[in-house]
């Protein structure tokens, strides 16, 4: 392995030229493109299919759309817990790969499999026992009784079917995450695209009952998603274990299930704050939605439309943020600390500048796409106004997101916990509760005020990234 250029302390003191921080050479952009483009393609197509699914469910009616939105918010909490728990081991996996230590990569992957299945088992138990109570949190007290009961019934039906698909989902996340950490993002993209196609086809067949299939509505949407989860699972597992030349770090994964004791606590010490962060952050997002739901079930429907559309445009900066942890993490693992600092600022620059373009495009389509939904005109108008808010704050979200992943790449998971979920609960949630309680303030204005608080995170993130607290190699002695 190449010897470190200089020590971490010396690397942090090196003054980097502004131009080198903002603009990279062709080699850098090629490296980023290899990692990020498949992720953007995969996630953008996934969100487009999600939008089409949303439109299809919206054709069934407002209550059906609201019930699916509620369950998806609950499932989002579970998914983020899985991603957060796996991310701690992923920090080690990325740096092990930068160090060319494939056995170390296998150790982290075994750890991930165990954790993912434990979290999934707990989630199934919680949703089966407390599903009704969780769903009722999102049904406003002034909702007519008949509508509230129908929403609860539809949401329960959707939730119980969706639970079948979270086991293959958790295993796929383990494999796909490890493969991405190695810088190979094509297989997860292909598997996801196939799954999306299957999901889309079965949505058409099962929601509306075409070609002799039963017309199942909300239940049909859930069944289509579950089928697509198993398709994605089959593709990822089959190709990963058969292509030894591309995925050598997976060979021998099940030869034994050994994870060295010396690694367990270091990985846990990074994983637990990230798991806690994703759990509390997702709960914070759920609490925000619950705050907005005080203004009525129509607000949930409008936010569901807005979030589904905005997610498509957000995917560029979300993928760039995720890829920054890979690009920067590999440099840290290889002990190229100055390069890691340069790459971090270049990723931030690239992410924010891309959002100036994507935010403008999102603002332009804001009044158009909600018109495809079979819902009340006031809900479509409200959704358009929410989308405009998202487009306005997109550059702020982009910088906060990339700062989070840069801090995480060096194992600063406790800092990211304070930076992310603590901010949500100490700032965003109280602000939303306070403002939604004043009915004189339009909900659109409340949403803008809460989203604009992201500026505080940007300032904190800038200071932490500049100080270089994240510049360190956490696998050097393992």
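Take the alpha carbon gyration tensor of the stretch 201-319, find the square roots of its eigenvalues, order them as a ≥ b ≥ c, and report rounded if a/c is under 1.5; if not, report prolate when a/b exceeds b/c, else oblate. Oblate, since a/c reaches 1.5 and b/c is not below a/b.
Exposure proxy for 213, 202, 145: other Cβ atoms within 10 Å of each Cβ, ordered fewest to most, give 145, 213, 202.
Going by C-beta contacts inside 10 Å, put 179, 460, 227 in order with the fewest on the left.
Values: 179 24, 460 16, 227 19.
With the sparsest Cβ surroundings first, the list reads 460, 227, 179.
If R0 is 45 Å, what FRET efficiency do you get for residue 364 and residue 147 from their C-beta distance, rounded to 0.05? Taking R0 as 45 Å, the efficiency between residue 364 and residue 147 is 0.85.
For 27, 342, 184, which order do you get if you count the other beta carbons within 10 Å of each Cβ and list the fewest first?
Numbers: 27 8, 342 21, 184 18.
Taking fewest neighbouring Cβ atoms as first place, the list is 27, 184, 342.
What value, in deg cm²/dmol to 500, does the helix sum -39500 (n - 2.57) over DSSP H runs of n ≥ 4 give at 222 nm once divided by the residues of the chain? Before the final figure, lay out the partial values.
Values: 17 runs with 369 residues, N = 478.
Mean residue ellipticity at 222 nm (helix-derived): -27000 deg cm²/dmol.
Every Cα-Cα pair in the chain was counted, and those over 35 Å apart are 31% of them.
Read the figures in this text as sums done on the coordinates, not as results from a lab. Bear in mind the structure is a predicted one, so any value in this text is a computation, not a measurement. Note: ideal-geometry Cβ built from the backbone for every residue, glycine included; neighbour counts use all protein chains shown.
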